Amino acid sequence: MFLLIIENEDNRLKAERLYEQYRYLMFSEAYEILQDKSLAEDAVQQAIIKIIDNLHKIDENNCPRTRNFMVIICVNVAKSIYNNRMYLNKQEDMVQELDSDTVDIGNDPLDILVDKDSVEQITKAIGSLNPIYRDVLLLKRAYGYSREEISELMEIPLETVKKRLLRARKMLSQVLEKEGLK
C-alpha cells in the first residue's frame with residue numbers, strides 16, 4: 001500500500017524489490033529490539049517509507065552497502081519506537097503512582113493533589129505555546145528524540161531546532177512563573 005505514494009514507476013519497482021529482498025532481515029532486526037511482532041512490522045513499514053524518501057541514494061539492490069543502509073534505517077526506527085514506548089510506560093507508571101492510595105509522598109495527602117494539579121498546569125502551559133516551539137519541545141522531552149532526529153523529522157536545520165528548544169523552554173518558564181509554579 002505504501003508503494004502507491006511513489007509516482008515514478010521505476011522508483012516504485014525499485015522500492016518494491018528492496019522491500020521484498022530485505023523485509024525479513026529488517027523485521028528480524030526490529031523484532032530483536034522491540035520483542036513484539038506488530039511493533040516490528042510497524043518499524044519495517046516506517047523504515048520503508050523513510051527509505052522511499054532516500055531512493056536516490058541507493059544504486060544497487062543487492063549489495064552490502066544497500067543492505068546496511070536498509071538495516072540501519074530500520075534499526076533506528078525500531079529504537080525510536082522502543083524509546084517512545086519506554087517513555088510512555090514511565091509516564092503511565094508515574095500517573096499510576098500518583099493515583100495510588102498506597103503512595104507515601106509526604107505527611108500531607110494533599111501533596112498528591114498538588115502534584116496532579118501541577119501536571120495539569122504544565123500540560124496546559126505547554127499547549128499554550130506557539131506550535132513551532134511546542135512541537136519541538138514535545139518531540140524532545142515527551143518522545144525522547146535527539147535534536148538531530150527532530151531536525152530530520154521536521155526537515156529544519158539543526159541550529160533552528162536548538163534555537164526553538166531554547167525559546168520554548170524560556171516561554172514555558174515564563175508561563176509557569178505567571179501561574180506561580182516556578
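To keep it simple, each residue is scored yes or no on (1) more than 15 Å from the chain's Cα centre (by Cα); (2) small (Gly, Ala, Ser); (3) within 23 Å of residue 73 (Cα to Cα).
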{"residue": "121", "(1), (2), (3)": "yes, no, no"}
{"residue": "125", "(1), (2), (3)": "yes, yes, no"}
{"residue": "134", "(1), (2), (3)": "no, no, no"}
{"residue": "152", "(1), (2), (3)": "no, no, yes"}
{"residue": "167", "(1), (2), (3)": "yes, no, no"}
{"residue": "177", "(1), (2), (3)": "yes, no, no"}
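Taken over the range 23-71, the criterion of being of a type in the set (Asp, Glu) and in contact with a Cys (Cβ under 9 Å, 6 or more places away or on another chain) is satisfied by 29 alone. Of all the numbered requirements in (1) polar (S, T, N, Q); (2) loosely packed, with under 15 Cβ neighbours inside 10 Å; (3) at pLDDT 80 or above, residue 76 misses one, and that requirement is (2). Looking only at the range 102-124, decide whether some residue is outside the structural domain of residue 78 (by TED's automatic domain parsing), modelled with pLDDT of 85 or more, exposed (fewer than 14 other Cβ atoms within 10 Å of the Cβ) and assigned to a loop (DSSP other than H, G, I, E, B). Looking for residues that are outside the structural domain of residue 78 (by TED's automatic domain parsing), modelled with pLDDT of 85 or more, exposed (fewer than 14 other Cβ atoms within 10 Å of the Cβ) and assigned to a loop (DSSP other than H, G, I, E, B), one finds none in the range 102-124, hence no. Within the range 154-166, can one find any residue that is modelled with pLDDT under 80 and assigned to a helix (DSSP H, G or I)? Yes, the range 154-166 contains a residue that is modelled with pLDDT under 80 and assigned to a helix (DSSP H, G or I). Scanning the range 50-73 for residues that are among the acidic types (Asp, Glu) and assigned to a loop (DSSP other than H, G, I, E, B), which turns out modelled with the lowest pLDDT? My answer is 60.
If you go through the range 132-146 and keep only what is in a helix (DSSP H, G or I), exposed (fewer than 15 other Cβ atoms within 10 Å of the Cβ) and modelled with pLDDT of 80 or more, you end up with just 132.
The values are calculated or read from the model by the stated rules, or taken from the named source; none is laboratory data. If you're wondering where the values come from, they're calculated on a predicted model, not measured in any experiment. Backbone-built Cβ (ideal geometry, glycine too); neighbour counts: all protein chains shown.
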